[in-house]
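In what follows, a single structure is set out as structure tokens and then discussed.
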Amino acid sequence: MSTPTTNNNNIIASALNSTLPTIVYFRNRGKAEISRLLLAYFNVEFLDARVETIDDELRQILPYSQLPIYKEGEFVLAQSSAIARYLAEKYDFIGKTLQEKAIAHEIVDAIWDLVVPIVRASTDADKEKVKSLIQQFLTNWEKRIEKYTYIAQGDGYTYADLAIYFAYDYVSFLGYSNETQGYPKLESLKQHFETIPSIKRYIESRPVTKF
């Protein structure tokens, strides 16, 4: 993984001119992290362009005036789920059957129904509601892994397993580590991915962020 200088204008210039696969997003994990982890998992050298703001030059290549985007030469793709699916398809990490692929997509899309409320929770009442939501999601995933071994119910890992690892770890990172206790299958999944050398290197080099 390559990370350009912290100067916003230089970061954007590097992203626009990069010959490497490039992910452009803000300076946090958020909706780009699953795709970053996918590239790290497959040991793909990529430019991790973390911007402070969107300037006019960058805005010209944004299909919906939003981040993240994935850039591969002249090819530019927006929407976090579309980017993750593209990378999963490209690196054959999406499942074998139509049903397995559909379940993988379902899982990845559902993650944001957990993560977004956590990020937005500001009052004590919001945070209590979030704790219940965390229990609901983690219990569901724990039972699925216990029953099927792999979250998409196939015979091997897919990008959905990597996404579940991201979500489980992210919940703890966002301040709800107590709520992630008691899920041995999810903890085992976390250990599986974090012991992969390319993932380990990415985590060690990942910038420290608030979100």
From THR158, THR149, which residue is modelled with pLDDT of 95 or more and at positive phi? THR149
Tally time: how many residues in the stretch 133-173 are of a type in the set (Asp, Glu), assigned to a helix (DSSP H, G or I) and farther than 23 Å from TYR202 by Cβ? 2
What do you reckon, is TYR176 under 17 Å from the mean Cα position of the chain (by Cα) and in a helix (DSSP H, G or I)? no
Residues of the stretch 39-78 classified as basic (Lys, Arg) and exposed (fewer than 13 other Cβ atoms within 10 Å of the Cβ), total: 1
Within the group ILE61, ILE69, which residue is in contact with a helix residue (DSSP H, G or I) (Cβ under 8 Å, 6 or more places away or on another chain), among the β-branched types (Val, Ile, Thr) and at pLDDT 95 or above? ILE69
If you check THR158 against the conditions, is it of a type in the set (S, T, N, Q), out of contact with any Leu (no Cβ under 8 Å at 6 or more places or on another chain) and either within 22 Å of ALA82 (Cα to Cα) or crowded, with 18+ Cβ neighbours inside 10 Å (or both)? yes
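Matching residues to (1) outside the structural domain of ASP109 (by TED's automatic domain parsing); (2) touching a strand residue (DSSP E or B) at 6+ places or on another chain (Cβ under 7 Å); (3) over 23 Å from THR195 (Cβ atoms):
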site: SER2; (1), (2), (3): yes, yes, yes
site: PRO21; (1), (2), (3): yes, yes, yes
site: LEU37; (1), (2), (3): yes, no, no
site: VAL44; (1), (2), (3): yes, no, no
site: ASP48; (1), (2), (3): yes, yes, no
site: GLU52; (1), (2), (3): yes, no, yes
site: ASP56; (1), (2), (3): yes, no, yes
site: ILE61; (1), (2), (3): yes, yes, yes
Tally, over the stretch 174-195, of residues that are surrounded by 14 or more Cβ atoms within 10 Å (Cβ to Cβ) and either closer than 15 Å to ASN43 by Cα or not charged (D, E, K, R) (or both): 8
Find all pairs meeting these conditions: Cβ atoms under 7 angstrom apart; at least six residues apart or on different chains; first residue within the stretch 183-211 and under 24 Å from GLU146 (Cα atoms); second residue of a type in the set (Lys, Arg). GLU194/LYS200
State which residue is farthest from the chain's Cα centre (by Cα) when the search covers only the stretch 78-107 and only residues that are in a helix (DSSP H, G or I) and of a type in the set (S, T, N, Q). GLN99
So LYS129 ticks every box in (1) farther than 25 Å from ALA40 by Cβ; (2) touching a residue at least 40 places away in the same chain (Cβ under 8 Å) but one. Which box is left unticked? (2)
Name, by its number, the condition in (1) more than 30 Å from ASP161 (Cα to Cα); (2) not in a loop (DSSP other than H, G, I, E, B) that does not hold for LEU39. (1)
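The values are calculated or read from the model by the stated rules, or taken from the named source; none is laboratory data. Computed from a prediction, not measured in an experiment: that's the story for all the values here. Reconstructed Cβ throughout: ideal geometry from the backbone, glycine too, with neighbour counts over all protein chains shown.
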